[in-house]
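The values are calculated or read from the model by the stated rules, or taken from the named source; none is laboratory data. Note that the structure is predicted; figures quoted are calculated from it, not measured. Virtual Cβ from ideal backbone geometry, glycine too; neighbours counted across all protein chains shown. Heads up: the accessible areas ignore ligands, DNA and RNA and are worked out on the full protein's heavy atoms, side chains in. Shrake-Rupley method; radii C 1.70, N 1.55, O 1.52, S 1.80 Å.
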Amino acid sequence: MSRLREYKPSPLATLPKTLDPNEYYNLSPEYRRAEEERTALRSQMKRQYQMQLNNPYRKELIEDPALTRWLHARNIVYPHFRPSTKSSLMGVAFGVLPLVVLYFVLKTDRDKRDSKIDAGTYKRPFKLSS
């Protein structure tokens with residue numbers, strides 16, 4: 001408890017739930033019961049998976065439906081994609097903006113070279129004929 005009292009949250013981050021005494025100690029009995037049930041179920045599932053994984057006589061693959069769903073959603077992005085402001089800005093920043101910048105860089109370089117050629121002051125760095 002002494003470390004909890006000395007902890008000071010940083011200005012850019014909020015206090016974690018596990019360190020907030022109001023959230024950590026003042027929980028209702030039904031919330032605690034639900035947390036304990038979820039923890040028991042999670043540990044039971046972990047134990048079942050470890051038993052299947054470490055079975056020396058196993059001949060089939062271990063099918064984890066949650067992992068299968070996650071991999072499917074991760075590999076097939078388009079049905080699960082929702083356009084947002086962030087995704088639109090990322091598309092502009094990494095798709096359109098580099099092309100526009102490259103166009104202007106090449107265009108200004110070409111315009112400068114053409115104006116020097118027209119003025120007769122351009123020295124060609126690579127001459128094909130002497």
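Along the positive direction of the dipole of region 1-121 (beta-carbon charges: Lys, Arg +1; Asp, Glu -1; about the Cα centre), which of Ile62, Ser88, Thr14 reaches farthest?
So the residue we want is Ile62.
Give the Cα extents of the chain along the principal axes, in whole Å, largest first.
Largest first, the chain extends 88, 54, 30 Å along its Cα principal axes.
Test of the criteria: in region 62-105, which chymotrypsin sites (Phe, Trp or Tyr not before Pro) are in a DSSP loop and have at most 13 other Cβ atoms within 10 angstrom of their Cβ?
For chymotrypsin sites (Phe, Trp or Tyr not before Pro) across region 62-105 that sit outside H, G, I, E and B with at most 13 neighbouring Cβ atoms in 10 Å, the list reads Phe81.
Taking GluC sites (Glu not before Pro) as exposed when DSSP calls them loop (any state but H, G, I, E, B) and at most 16 other Cβ atoms lie within 10 Å, what is the longest stretch of the chain free of them, the sites themselves excluded?
64-130
Would you mind getting the accessible area per residue of the chain, heavy atoms of the protein chains only, 1.4 Å probe, in Å²?
Value for the chain: 100 Å² per residue.
Give me the mean projected area, in nm² to one decimal, of the convex hull enclosing the Cα positions of region 29-91.
The Cα convex hull of region 29-91, projected and averaged over all directions, gives 7.8 nm².
For Leu106, Leu53, Leu12, give me the order by solvent-accessible area with a 1.4 Å probe, most accessible first, ignoring ligands, DNA and RNA.
Leu12, Leu106, Leu53
To the nearest 20 debye, what is the magnitude of the charge dipole of region 1-80 about its Cα centre, counting +1 on the Cβ of each Lys and Arg and -1 on the Cβ of each Asp and Glu?
Its charge dipole is roughly 220 debye.
State the answer as a single residue: which of Leu99, Ile117, Leu27 lies farthest towards the positive end of the charge dipole of the chain, with beta carbon charges of +1 for Lys and Arg and -1 for Asp and Glu, about the Cα centre.
Selected residue: Ile117.
Just in region 10-69: which chymotrypsin sites (Phe, Trp or Tyr not before Pro) are loop by DSSP and have at most 11 other Cβ atoms within 10 Å?
In loop regions of region 10-69 (DSSP not H, G, I, E or B), the sparsely surrounded chymotrypsin sites (Phe, Trp or Tyr not before Pro) are Tyr57.
Within the chain, which is the longest segment containing none of the trypsin sites (Lys or Arg not before Pro) that sit in a DSSP loop and have at most 13 other Cβ atoms within 10 Å?
60-122
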